[in-house]
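Down below is the structure, laid out as structure tokens.
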Amino acid sequence: MDPSLALRQCGGAASYIRLRALGVTAHSLWRARVNGEVERLRRGSYALPDADAAMVNAVRLGGVLSCTSAARHLDLPVLIAHEAHVTVPRAWGHARTAGVRVHRRDLIPSEHDGVATGLTRTVLDCARELDMREALVVADAAVRSGLALRALQSAAMEATGPGSGAIRQVIGLVDGRAESPIETCLRLLAMRLAVVELQVPIAGVGRVDMLVDGWLVLEADGFEYHSTQHYRVDRRRANALAERGFVLRRFTYEDIVQRPDHVVQQIRLVFGSAGP
């Protein structure tokens, strides 16, 4: 197999052992290096010249992408940008690279593909390393993408070591019905005050993002909300909800992510001044 194609298949960087398993010969790899098509990272590790920096660091360190770096690799949303996360085998030396957070933990073959940790391991690592809000964004999205919640809950119960309590707390709140990161964040805020139901169908209105305490409708507005079409549809929905006795509050991305205390205060004021 052509070394460049094999590396592209591996995400841009890989060990020689992995390349050889894909059919890359030592001679073809040498020629690719001479032609400038492939770069050597360290002994036994290679990358494409345009390979992702996080991937290059993972292979150079002899590990795999993990936590938020693995989440991005798996197309899961990451709420806040972080430095690259790489997990290396627990017995590895004291390798360090600027801009990379290195975790030394057991790397079970079934939990990674040689490039990044898999869905379950990534969710658990994020729950262990990140705050509740960021971790739940990743976990909700993973379940929404097809990860079985029951299997995730089972893995969380088996987690040990520092952060295992945080893992179980995050996984206990996972709900794959959240359709976006800001819905996850808004649900987490509303849960401080009352029972929250997600994606609730209301006759004559359609589905709403969330229903709090059976009468307060909360909706999270992404950037597309500013279009004229969405604006008109949402005005009709708001009128239909009012006719049916529901109270509606809408919050923007900036409100939910950057001013969470303001959102909680607004919801609390609604509970204090309105109700069934």
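The values are calculated or read from the model by the stated rules, or taken from the named source; none is laboratory data. Please read all numbers here as calculations on a predicted model, not as lab measurements. Here the Cβ is made from the backbone with ideal geometry for all residues, glycine too, and neighbour counts use every protein chain on show.
Being over 21 Å from the mean Cα position of the chain (by Cα), under 25 Å from Leu130 (Cα atoms), at pLDDT 85 or above and not basic (Lys, Arg) narrows it down to one of Leu48, Leu79, Leu61, so name that one. If you could, list the steps in order and put the result at the bottom.
Values: Leu48 fails: under 25 Å from Leu130 (Cα atoms); Leu79 fails: over 21 Å from the mean Cα position of the chain (by Cα).
Every option except Leu61 fails the conditions.
Which one is surrounded by the most Cβ atoms within 10 Å (Cβ to Cβ), of the residues in the range 94-122 that are out of contact with any strand residue (DSSP E or B) (no Cβ under 9 Å at 6 or more places or on another chain) and either among the small types (Gly, Ala, Ser) or closer than 23 Å to Asp175 by Cα (or both)?
Selected residue: Leu119.
This table checks each residue for (1) in a strand (DSSP E or B); (2) over 24 Å from Gln9 (Cβ atoms).
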residue	(1), (2)
Leu79	no, yes
His85	yes, no
Ala98	no, yes
Arg101	yes, yes
Leu107	no, no
Gly114	no, no
Thr122	no, no
Arg128	no, yes
Leu136	no, yes
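If Gly204 satisfies every condition in (1) at negative phi; (2) without any contact (Cβ under 8 Å) to a residue 60 or more places away in the chain; (3) not hydroxyl-bearing (Ser, Thr, Tyr) but one, which is the exception?
All conditions are met except number (1).
Out of the range 35-88, which residues are in contact with a Cys (Cβ under 8 Å, 6 or more places away or on another chain) and surrounded by fewer than 19 Cβ atoms within 10 Å (Cβ to Cβ)?
His82
Taking the criterion of being more than 25 Å from Trp215 (Cβ to Cβ), in contact with a Ser or Thr (Cβ under 7 Å, 6 or more places away or on another chain) and not assigned by TED's automatic domain parsing to the domain that holds Glu219, would at least one residue in the range 142-150 satisfy it? Before you say what the answer is, go through the steps one by one.
From the range 142-150, those more than 25 Å from Trp215 (Cβ to Cβ) are 142-150; that's our starting set.
Within this subset, residues satisfying the condition of being in contact with a Ser or Thr (Cβ under 7 Å, 6 or more places away or on another chain) are 147.
Then keep just the ones that are not assigned by TED's automatic domain parsing to the domain that holds Glu219; that gives 147.
Checked the range 142-150: at least one residue is more than 25 Å from Trp215 (Cβ to Cβ), in contact with a Ser or Thr (Cβ under 7 Å, 6 or more places away or on another chain) and not assigned by TED's automatic domain parsing to the domain that holds Glu219.
Enumerate the pairs (first residue in the range 228-246 and within 17 Å of Leu216 (Cα to Cα); second residue anywhere and surrounded by 12 or more Cβ atoms within 10 Å (Cβ to Cβ) and modelled with pLDDT under 90) with beta-carbon separation below 6 Å, excluding pairs fewer than 6 apart on the same chain, so at least 6 apart or on different chains.
If the second residue must be surrounded by 12 or more Cβ atoms within 10 Å (Cβ to Cβ) and modelled with pLDDT under 90, no pairs are left.
In the set Ser66, Ser28, which member is polar (S, T, N, Q), at pLDDT 85 or above and assigned by TED's automatic domain parsing to the domain that holds Arg133? Working first, answer last.
Details: Ser28 fails: assigned by TED's automatic domain parsing to the domain that holds Arg133.
Matching residue, one of Ser66, Ser28: Ser66.
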